[in-house]
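Here the structure is laid out as structure tokens; the discussion comes afterwards.
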Amino acid sequence: MAVTSLTPRRIKFEFPEQIPLVWTPRVPEISAAANSVSLLMPHVEPYVIASVRAVLDQLPTEQRVAAAGFIAQEAQHQRQHRIFNASVTPQIPGMSRVESWMHRTYGWLSRTRSTRFNLAFAAGFETVAFALARWTESHLRTLFDGADERITTLFLWHLAEEVEHKSVAFDAYEQVDGSRVRYLLAAVSSILILSGYTLISTVLNLKAQGRLFHPVAWWRLLLFSISLAWEVLPDLAASAMPGHHPSDFADPIALSTWLNQYDPETASLPLWWTGESAQQPVVLR
Ligand SMILES: [Fe+2]
Ligand SMILES: [Fe+2]
């Protein structure tokens, strides 16, 4: 089923004055990995946007409207992560150099690959983002109990919108090409690049935390990675099967229910409650 309307939610996140490198104090490795994902967003999401935008005039009206909403949402995602990252990067020695590698990698893909490959990459990336949302919802307490509510809200708002627009890039790809072989190839490329840069950035984050040689940190990250792969890889394999459509995937319910509390009049979303450390409910505007 095609998505027909998508709301770009322009939320003003009120981050702490100085964003702490560790904002998940119970499990500091989660901050390292999540920061790493955030640091990628201003590089990969513009590539995904450009890949979908390149085929807008090949889409029927309904799909073009959905794609425009998708582009608006992704533009907000990378914009919010850029603001967050501006406070994180200076705290991590060597990070700005890795960010320039990320920028060059996605720029190179965008310049040198075909329109069809780029769109397949976007569709595959979106499947990975949806799988990450499903996995995150299954582990909310483990990941975010005691975490900073404002930063948690940023990440969960992003994932909730990934669920909402899960089929848009896929539908555009089906319309323009639809080869499942190209889709799988591009999706695997997407995962490899994401994993590689996330690992490099996580190493730099842990080093900045002073926990690079902490065995517990690596043990926890290994367990999280295996658990995440157990969600992402089967989802990706299923999505590459002939006849499969993203709407066949069951959505994570809590994220979607929470996103429905967005108030378009005030452009606000309730803060995600992160357990015992949560303060009074605050509305982000
Ligand atoms: Fe996004
Ligand atoms: Fe997305």
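The values are calculated or read from the model by the stated rules, or taken from the named source; none is laboratory data. Note that this is a predicted model, so its numbers are computed, not measured. Neighbour counts run over all protein chains shown; Cβ positions are idealised from the backbone, glycine included.
Odds and ends about this structure:
- Qualifying residue in region 169-176 (condition: within 16 Å of ligand 1 (Cβ to nearest atom), more than 17 Å from the chain's Cα centre (by Cα) and of a type in the set (A, V, I, L, M)): yes
- Condition met for Leu233 (assigned to a helix (DSSP H, G or I), modelled with pLDDT of 95 or more and not acidic (Asp, Glu)): yes
- Checklist (1) in a helix (DSSP H, G or I); (2) within 19 Å of the chain's Cα centre (by Cα); (3) more than 23 Å from Ser225 (Cβ to Cβ) applied to Ser38, failing item: (3)
- Scan of region 67-80 for residues that are within 12 Å of ligand 2 (Cβ to nearest atom) and not charged (D, E, K, R), ordered by number: Ala67, Gly69, Phe70, Ile71, Ala72, Gln73, Ala75, Gln76, His77, Gln78
- Hits in region 36-66 - residues which are under 25 Å from Gln209 (Cα atoms) and within 16 Å of ligand 2 (Cβ to nearest atom): Val37, Ser38, Leu40, Met41, Pro42, His43
- Candidate set: region 268-283, residues that are in contact with a Phe, Trp or Tyr (Cβ under 8 Å, 6 or more places away or on another chain) and not in a loop (DSSP other than H, G, I, E, B); chosen: the one modelled with the lowest pLDDT: Ser268
- Of all the listed residues (Pro264, Pro234, Pro242, Pro215), the sole one being under 20 Å from the mean Cα position of the chain (by Cα) and more than 25 Å from Thr105 (Cβ to Cβ) is Pro234.
- Test: Phe84 is more than 11 Å from ligand 1 (Cβ to nearest atom) and of a type in the set (Phe, Trp, Tyr): yes
- Of the residues in region 41-59, not one is modelled with pLDDT under 95, more than 14 Å from ligand 1 (Cβ to nearest atom) and of a type in the set (Val, Ile, Thr).
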